[in-house]
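The values are calculated or read from the model by the stated rules, or taken from the named source; none is laboratory data. As the structure is a prediction and not an experimental result, all values here were calculated from the model. Every residue, glycine as well, gets a Cβ built from its backbone with ideal geometry; the counts of neighbours run over all protein chains shown. Ligands, DNA and RNA are stripped out before the accessible areas are found, and what is left, the full protein with its side chains, is counted by its heavy atoms. Shrake-Rupley method; radii C 1.70, N 1.55, O 1.52, S 1.80 Å.
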Amino acid sequence: MKPASFLTIDGPGGVGKSTITSAVVSRLRAESVPALETREPSDTPLGRLARNGTDDYRGMAMACLVAADRHQHLTHVVRPALRRGEVVVCDRYIASSLVLQGIDGLAPETVWKLNSHADRPDLAVILNARVDVLRARLKDRGAHSRYERENKSLQEWVGFQEAARFLEVVGVRVLRLDTAVEEPDALARRIVEAI
């Protein structure tokens, strides 16, 4: 099996995606592996529209915004970094689209079709934790989007389990981890070992 060079990290709000993404990149760099930390929606104007527009856009409109940002992100950030030989670690990717647009009522097949030309990750990490843990973390840090404000933790928890199975069926290598069981550094070490 070839080493993973395009790694995605997805999971419900409050699961620790950003913390673990940063920890993985730090660990890779400490081992002299060139690595790029990025996220979706991206930090471009299109990505900011999607990130900050969860109250204004729903369903197909939001799915199209996120997919458009994803294709732009792949073209201008992810693929150039991969060509330079960097490991790309992306905070949120297709699994999050499957779950969040699913909460908005879209079928997984519809979301998958919108993203059918997007690069498949070499390794998709799906983080999860008990719903009570997610809710407590969100209460402590505050909500970042409509999905978090509307208390969708249970739907996300279930959705990410289903998204992991969906990705496995379409041939994506998936690593499932529980952030309520292990600390971020230990999880980052396990992810780097999987790479």
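Subtract the Cα-Cα distance of ALA194 and ARG58 from 0.36 nm times their separation in residues, and report this length gain in nm to one decimal. That pair, ALA194 and ARG58, stretches by 45.5 nm at full extension.
Helical runs assigned H by DSSP (4 residues or longer) give the chain a calculated mean residue ellipticity at 222 nm of -15500 deg cm²/dmol, each run adding -39500 (n - 2.57) before division by the residue total.
Counting only Cβ charges, +1 for Lys and Arg and -1 for Asp and Glu, the dipole size of the chain around its Cα centre is about 200 debye. Given the alternatives (i) 1.06; (ii) 1.13; (iii) 0.95, Cα Rg over 2.2 N^0.38 Å as computed for this entry is given by (iii). By accessible area, using a 1.4 Å probe on protein heavy atoms only, the chain has 52% of its surface on carbon and sulfur.
Within the full protein context, the accessible area of VAL169 is estimated at about 130 Å² for a probe radius of 1.4 Å. Each of SER32, GLY59, GLY14 was placed along the dipole of the stretch 1-97 (beta-carbon charges, centred on the mean Cα), and the one lying farthest toward the positive end is SER32. Exposed loop positions in the chain were taken to be GluC sites (Glu not before Pro) whose DSSP state is not H, G, I, E or B and which have at most 16 other beta-carbon atoms within 10 angstrom. Between these positions, the longest stretch is 32-149. For trypsin sites (Lys or Arg not before Pro), the sites in the stretch 67-105 that DSSP calls loop and that have at most 16 other Cβ atoms within 10 Å are ARG84.
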